[in-house]
Amino acid sequence: MDVKTKEAVHGSIKKWNRIIAGTGIDLGRYNCPLCQLFFNRCQQMYNSQTCPFNCFGDASYRKWFKHYDKEHRKETDLKIHCPECKESAIAVRDDLKKLLEEG
Ligand SMILES: [Zn+2]
């Protein structure tokens with residue numbers, strides 16, 4: 001991972017720490033430093049080959065989003081609404097931390 005990517009992973013971990021603390025919300029690519037680095041503006045699509053997280057393919061992020069979609073969609077923001085939300089947010093954050101450990 002290059003320096004820029006590492007910085008983005010750190011930024012994304014901060015985002016998830018705020019979500020876990022109950023002070024942040026998930027705005028998808030609009031507040032994810034990794035998405036901002038890897039979003040391909042010309043093609044209007046994600047470059048999943050180069051983003052080390054690949055949230056569409058990652059089980060922890062998918063679980064977080066699916067749970068919200070099923071249980072909390074009418075409660076507006078994509079943030080923590082119940083203990084299961086918190087559990088899956090922690091799993092996403094821990095997966096991001098693993099990226100740093102792997103280098
Ligand atoms: Zn929930």
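The values are calculated or read from the model by the stated rules, or taken from the named source; none is laboratory data. These numbers come from a predicted model, not from an experiment. Cβ atoms come from the backbone with ideal geometry, glycine included; neighbour counts cover every protein chain shown.
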(request) Please identify the pairs in which a residue from the stretch 67-79 that is at pLDDT 95 or above and among the acidic types (Asp, Glu) has its Cβ atom under 9 Å from the Cβ atom of a residue that is within 7 Å of the ligand (Cβ to nearest atom) and in a helix (DSSP H, G or I), counting only partners at least 6 apart or on another chain. (result) Glu71/Glu84; Glu71/Cys85
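Residues are listed down the side, and each one gets a yes or a no for (1) modelled with pLDDT of 85 or more; (2) over 13 Å from the mean Cα position of the chain (by Cα):
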{"position": "Leu34", "(1), (2)": "yes, no"}
{"position": "Arg41", "(1), (2)": "no, yes"}
{"position": "Cys51", "(1), (2)": "no, no"}
{"position": "Trp64", "(1), (2)": "yes, no"}
{"position": "Glu101", "(1), (2)": "yes, yes"}
(message) For Ser60, only one of the following conditions fails: (1) of a type outside the set (A, V, I, L, M); (2) surrounded by 17 or more Cβ atoms within 10 Å (Cβ to Cβ); (3) away from the ligand (no atom under 14 Å from the Cβ); (4) at pLDDT 95 or above. What is its number?
(response) (4)
(message) Give me the residue from the stretch 66-90 that is over 14 Å from the mean Cα position of the chain (by Cα), near the ligand (Cβ under 9 Å from one of its atoms) and part of a loop (DSSP other than H, G, I, E, B) and, out of that set, surrounded by the fewest Cβ atoms within 10 Å (Cβ to Cβ).
(response) Cys82
